[in-house]
Ligand code: TYD
Ligand code: MG
């Protein structure tokens, strides 16, 4: 990266590379039309201002109050409600339901008496009205505007003094002060900075919708995600009505939180019992199927993992997985060969998480092993059993986090046996009717689940 010098510079809005002259393509990251002129700060300018630092102990502490939107899953991904003055970015593919959800949230907030301004650069007021009719948006406090110029939006906010602002989408906003087109890296960054300033200065909660690129990242500069307080990704399987929102970053709460919705004819509905939803289509007494207690953020969730192990007709056996890291599956199969003598190198292995979820936590290991061995031996695992636990390379079973939450969810959902790592059981609720089985090695585990 070139050194920053006194005077005006052209700075890439994507990676930050600085150059003395304008270039069509950034030499640093290869992005087109990303260099924007920025005023350099000279030491003289700095000296003129009064600059202070304050002792941390004396700084005012930030009292985080949260405003519940009333949509339980959306409040969950925000970390327990919206923090006033926060800037939230919601990214997702076209058609996943971003505009629908935010119109519903806007209506919920407006219905409580707060004023919400919904700026749409994507659709006409008539189109928004049509959607509003479907989701029952009828509050007088919900104002809609199709302005896309930053100047006009700023003026509107000044005039209407809303309590919440929704911008659909950040890529359609533009500042006439900048020469580049709406949606260009420079414009997106500039407009986001202006919304940030507005949010903090006026204590105005703001949600920006962001388009995503083919690779699944929010279109525009990566630094966009650094600017905002909360980044949410909206994912959905187009063939299913289930939609998921994942918290990727949250300055005021836990990341990795998962919100689950279902698209209906009247907008998105929160799914209150995800375990029930993910297990709804489960066939009982089928080999290769295991129910695991997974954690999605702070919430336990039961999901079904399925494996199909067949004799391979290829010289190199296939390993195909959906929702599970194939590298981890391969590693666990090598461990099975060494520690349990189960040799799978002439078998194709297919693995799938039912319901389209992606799982990546270590506690998944026992479920992977259970599903693979159950399919390989064609012996079903008892359908009232739930498993979780990490497996080490020596075949030892290792402890995982949130044990009591997982166990509670399993028993709460009507399961009768939990197979898990050795854990300090004192902290668990005493539930005599049900069976808790701790296992120390892979061989122990296979015996505990009857394989
Ligand atoms: P939309 O919110 O416009 O998606 P995005 O803003 O992310 O591009 O709508 C997504 C889809 O949802 C669209 O294909 C129509 C469908 N839909 C419903 O099924 N039910 C509804 O009540 C609404 C409003 C939309
Ligand atoms: Mg939209």
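Overview of results
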| quantity | calculated |
| --- | --- |
| Matching strands (runs of 3 or more DSSP E) fully within segment 230-338 where at least 3 residues are within 30 Å of residue 394 (Cα to Cα) | 289-296, 299-311, 319-322 |
| Checklist (1) under 25 Å from residue 34 (Cα atoms); (2) touching a helix residue (DSSP H, G or I) at 6+ places or on another chain (Cβ under 9 Å) applied to residue 136, failing item | (1) |
| For residue 170: the one exception among (1) under 14 Å from residue 105 (Cα atoms); (2) within 16 Å of ligand 1 (Cβ to nearest atom) | (1) |
| The listed residue being surrounded by fewer than 20 Cβ atoms within 10 Å (Cβ to Cβ), away from ligand 2 (no atom under 16 Å from the Cβ) and either touching a residue at least 12 places away in the same chain (Cβ under 8 Å) or within 26 Å of the chain's Cα centre (by Cα) (or both), out of 60, 114 | 114 |
| Unmet requirement for residue 138, which otherwise passes all of (1) crowded, with 17+ Cβ neighbours inside 10 Å; (2) without any contact (Cβ under 8 Å) to a residue 40 or more places away in the chain; (3) under 23 Å from residue 264 (Cα atoms) | (1) |
| Scan of segment 234-259 for residues that are in contact (Cβ under 8 Å) with a residue 60 or more places away in the chain and within 16 Å of ligand 1 (Cβ to nearest atom), ordered by number | 234, 235, 236, 237, 238, 240, 242, 243, 244, 245, 246, 259 |
| Any hit, segment 185-192, residues being at pLDDT 95 or above and surrounded by fewer than 21 Cβ atoms within 10 Å (Cβ to Cβ) | no |
| Residue satisfying condition, being at pLDDT below 95, touching a helix residue (DSSP H, G or I) at 6+ places or on another chain (Cβ under 8 Å), buried (at least 16 other Cβ atoms within 10 Å of the Cβ) and over 21 Å from residue 342 (Cα atoms), within set 407, 386, 403 | 403 |
| Lone qualifier among 163, 168 - being crowded, with 21+ Cβ neighbours inside 10 Å, in contact (Cβ under 8 Å) with a residue 40 or more places away in the chain and closer than 26 Å to residue 269 by Cα | 168 |
| Qualifying residue in segment 341-348 (condition: surrounded by 15 or more Cβ atoms within 10 Å (Cβ to Cβ) and at positive phi) | no |
| Exclusive hit being over 30 Å from residue 29 (Cα atoms), without any contact (Cβ under 8 Å) to a residue 12 or more places away in the chain and within 16 Å of ligand 2 (Cβ to nearest atom), set 126, 152 | 126 |
| Residues satisfying the stated conditions in segment 159-174, i.e. modelled with pLDDT under 95 and away from ligand 2 (no atom under 16 Å from the Cβ) | 174 |
| Any chance residue 50 is surrounded by fewer than 18 Cβ atoms within 10 Å (Cβ to Cβ) and either within 14 Å of ligand 1 (Cβ to nearest atom) or modelled with pLDDT under 85 (or both) | yes |
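The values are calculated or read from the model by the stated rules, or taken from the named source; none is laboratory data. None of these values were measured; they are calculated from a predicted model. Neighbour counts run over all protein chains shown; Cβ positions are idealised from the backbone, glycine included.
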